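Below is one structure; the comments refer to it alone.
The values are calculated or read from the model by the stated rules, or taken from the named source; none is laboratory data. The model shown is predicted, which means the values in this text are computed figures rather than measured ones. Note that each Cβ is placed from the backbone with ideal geometry, even for glycine, and that neighbours are counted across all protein chains shown. In case anyone asks, the SASA skips ligands and DNA or RNA and just uses the protein heavy atoms, side chains included. Shrake-Rupley method; radii C 1.70, N 1.55, O 1.52, S 1.80 Å.
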Amino acid sequence: MRDATFTDPDLTTFTGLDDLGLLAVGQRVDPDRAVLACRVAAEDRWCRRCGCQGRVRDSTVRELAHAPLGWRPTTLRVRLRRYRCTGCGHVWRHDLSCAATPRCKLTKTALAWALEALVVAHLSMTRIADALGVAWDTANTA
């Protein structure tokens, strides 16, 4: 590897968050869990009802289980901005459908990891739930 080219380390790319439309903005690694603070990469400022631009109203945090990093459960804490339309007053928040389906506790990457662990590695549902850091019912339902 005489002509190897390295770039700056990028947690977003390393963890596969760029495929989900998320950006990693912070991390906390504990002995039993890794938590990544994230935000949505794309802007979502335009009202779906009237098309006017919205103003930032506040924000909320949604926690999603992600594929484990080194068999350490990984949780994404995604900060979602809420907007209020300046025209009609409609309130909405960032669209997170690129990362997870509505009302789902697992990212699409975690779901793919769980299916591969079940089918290819023949792991039990209990082991998959432990690796993802979620309840057995959550892993089984997903």
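Of the set (1) in contact with a strand residue (DSSP E or B) (Cβ under 6 Å, 6 or more places away or on another chain); (2) among the small types (Gly, Ala, Ser); (3) closer than 18 Å to THR101 by Cβ, all apply to ALA42 but (1). Within region 24-41, residues that are without any contact (Cβ under 8 Å) to a residue 60 or more places away in the chain and at negative phi reach partners that are among the hydroxyl-bearing types (Ser, Thr, Tyr) and assigned to a strand (DSSP E or B) with beta carbons closer than 6 Å, at six or more positions or on different chains, in the pairs ALA34/THR74; VAL35/THR75. One residue stands out among those in region 69-121 that are of a type in the set (Val, Ile, Thr) and in a loop (DSSP other than H, G, I, E, B): the one that is nearest to LEU23 (Cα to Cα), which is THR107.
So HIS66 ticks every box in (1) touching a Lys or Arg at 6+ places or on another chain (Cβ under 8 Å); (2) within 20 Å of GLY133 (Cα to Cα); (3) part of a strand (DSSP E or B) but one. Which box is left unticked? Condition not satisfied by HIS66: (1).
Using the structure shown, decide if THR107 is free of Cβ contacts under 8 Å to residues at least 60 places away in the same chain and β-branched (Val, Ile, Thr). It is false that THR107 is free of Cβ contacts under 8 Å to residues at least 60 places away in the same chain and β-branched (Val, Ile, Thr).
If you go through region 45-70 and keep only what is small (Gly, Ala, Ser) and either open to solvent by less than 70 Å² (accessible area, probe 1.4 Å) or touching a residue at least 12 places away in the same chain (Cβ under 8 Å) (or both), you end up with GLY51, GLY54, SER59, ALA65, ALA67. Test ASP95 against the stated conditions and say whether it is acidic (Asp, Glu), closer than 25 Å to THR13 by Cβ and under 21 Å from the mean Cα position of the chain (by Cα). So ASP95 passes the test. Counting only residues that are under 14 Å from ALA67 (Cα atoms), of a type in the set (A, V, I, L, M, F, W, C) and either assigned to a loop (DSSP other than H, G, I, E, B) or open to solvent by less than 100 Å² (accessible area, probe 1.4 Å) (or both), region 12-44 holds 5 of them. Would it be correct to say that LEU123 is out of contact with any strand residue (DSSP E or B) (no Cβ under 9 Å at 6 or more places or on another chain), surrounded by 15 or more Cβ atoms within 10 Å (Cβ to Cβ) and without any contact (Cβ under 8 Å) to a residue 24 or more places away in the chain? When the stated conditions are applied, LEU123 passes them.
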